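The values are calculated or read from the model by the stated rules, or taken from the named source; none is laboratory data. All values derive from a computational prediction rather than experimental measurement. Just the protein is used for accessible areas: all its heavy atoms, side chains included, with ligands, DNA and RNA removed. Shrake-Rupley method; radii C 1.70, N 1.55, O 1.52, S 1.80 Å.
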Amino acid sequence: MSHVFPRHTKAEPPVATRGDGCYIIDKNGKNYFDGSGGAAVSCLGHSDPDVTRAIKTQVNQIAFAHTGFFTSEPAEDLANHLIDAAPGSLDRVYFVSGGSEAMEAALKLARQYFLEKGETSRHRVIARRQSYHGNTLGALATGGNQWRREPFAPLMIETSHISACYEYRGRRDDETAFDYGQRVANELETEIERLGPENVMAFVAEPVVGATAGAVPPVDGYFKRIREICDQHGVLLILDEVMCGMGRTGTLFACEQDDVAPDILCIAKGLGAGYQPIGAMLCTRAIYEAIQDGTGFFQHGHTYIGHPTACAAALAVFKKLQGGVADRVMPMGRKLDAALKDAFGQHPNVGDIRGRGLFRGLEIVEDRGTKAPFAPARGINKALKKAAFEAGLICYPMGGTIDGVQGDHVLLAPPFIMDDAQVDEVTGKLNQAFKAVF
């Protein structure tokens, strides 16, 4: 009998015993291609010798030192590497243990920044519908996915949600992609004015929407307009790159492709590549100096922030990404996109194939012409996940794509080290799953 509290009490997952490159092997010897990197985590696969060596070396020196008393060389080195590569005026790094912690820290820092500046009424957060920013209560309240939010709504801070930049569902026939992006971006200004600019502290968004909508990229010009609106009203722009960052979309920071830089940026998942739990919040020099020149103390913290072993692992990961591995993402992403379009571009139940780099989504529909989704009761996403897993493919199907209730999609986020033959393996095994379900 297991005493582990699992994600789902009515499922009995196999026991993972070994990792080998892009594959996870269970105790029965079955190989699974990790086509979603777990949850867009395992960018280097599961057996990178350089990362494991870095972990062992650090553990042999010092595994943990509490940041209330010490800093560490891995944390200092990793922060330097991140800031050297970061866009805009990002200047400081606050290390945490994962994406939800990073987003929670970002929200609290945004609030304290305005307190330090004397703008004490600024507390409201604006985000987008169908977003996901983490499972801690502040991050969950910021996210716009109704299915995740509803059970815990009485515990949450009040947050405003505007339209996502979701071209497949949102763009009208009579408007260009650019005009559509400007229209939905301008919803931010309308909401700021409704709340009163003096009350709004931050707008939060994923540059490329991940789990809840399936690798939805913005249209050109959308985030530039968002940045303009934030600057005009003194609102902080917080970008959540927990899933889409660290090379996943083809650049180290996803926002680089939209030619914008945030005031606060959050990363995790690919930062540690699964070898250690780690995330980070990056902020601008102006935000840091408001704390430094004010109280001097960020009123936040967790026991394992700046964990030396986690930072050593992430530093090894980051060096590999910068050393050439991340350069594979764009060309391999184009190959995966072409293979998906070849295999599913005319499939009667695939409405859209989208994404950037090795971050790809397929939106499932009952009718391509009308874009009508399957009834949620059909459980299409669950059936696809099960059928793909049986075929030896780990992917990330989800429901509620459209509004938290309706819609299904499959998210793919394979390791950056995948090769051409494995592109065919992914599409082949996904095709097996589609045949089994449809």
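Where only protein heavy atoms count, and the probe is 1.4 Å, what is the accessible area per residue for the chain in Å²? Intermediate results must be reported in sequence, preceding the final value.
Numbers: 19090 Å² over 438 residues.
Dividing the accessible area of the chain by its residue count gives 44 Å².
If contacts are Cα pairs under 8 angstrom and at least 6 residues apart, what is the relative contact order of the chain in percent? If you can, show how the numbers build up before the last one.
Details: 923 pairs, mean separation 97.7, N = 438.
Contact order relative to length: 22 percent.
In the frame of its principal axes, the chain has Cα extents of 61, 61, 44 Å, reported largest first.
Its residues counted as N, the stretch 81-221 yields a C-alpha radius of gyration over 2.2 N^0.38 Å of 1.11. Pairs from the list Lys319/Lys385; Lys56/Lys335; Lys10/Lys385 with a Cα-Cα gap above 27 Å: Lys319/Lys385; Lys56/Lys335.
From the Cα gyration tensor of the stretch 378-419, with a ≥ b ≥ c the square roots of its eigenvalues, which class applies: rounded if a/c is under 1.5, or else prolate if a/b is larger than b/c, or else oblate?
Judged from the Cα gyration tensor, the stretch 378-419 comes out oblate (a/c at least 1.5, b/c at or above a/b).
Only protein heavy atoms count here; on that basis, with a 1.4 Å probe, Asp174 has an accessible area of about 120 Å². Taking only the C-alpha atoms of the stretch 1-84, Rg followed by Dmax gives 17.5, 50 Å. Here is the P(r) of the stretch 366-438: all C-alpha pair distances, binned every 5 Å from 0, give 3, 16, 24, 23, 17, 10, 5, 1 in whole percents. Carbon-plus-sulfur accessible fraction, the stretch 224-355 (probe radius 1.4 Å, protein heavy atoms only): 47%.
Dividing the alpha-carbon radius of gyration of the stretch 47-142 by 2.2 N^0.38 Å (N being the number of residues), what value is obtained? Could you put the intermediate results ahead of the total?
On the way: Rg = 17.2 Å, N = 96, 2.2 N^0.38 = 12.5 Å.
Compactness ratio reported: 1.38.
Which of Lys27/Lys108; Lys27/Lys341; Lys371/Lys429 have a Cα-Cα distance over 32 Å? In this structure, Lys27/Lys108; Lys27/Lys341 lie more than 32 Å apart at Cα.
To the nearest 10, the accessible area of Lys341 is 100 Å² with a 1.4 Å probe.
Temperature 37 °C, viscosity 0.692 mPa s: under these conditions the Stokes-Einstein estimate for the stretch 254-300, based on its Kirkwood radius over C-alpha pairs, is 258 µm² per second. Each principal axis of the Cα cloud of the stretch 306-438 was evaluated for its coordinate range; sorted largest first, these ranges are 48, 32, 27 Å.
Mean residue ellipticity at 222 nm from the helices of the chain, using -39,500 (n - 2.57) per DSSP H segment of n ≥ 4 over the full residue count, to the nearest 500 deg cm²/dmol?
On the way: 14 runs with 160 residues, N = 438.
Taking each H run of at least 4 residues, the total per residue is -11000 deg cm²/dmol.
When only alpha carbons of the stretch 179-254 are considered, Rg and Dmax amount to 13.1, 37 Å.
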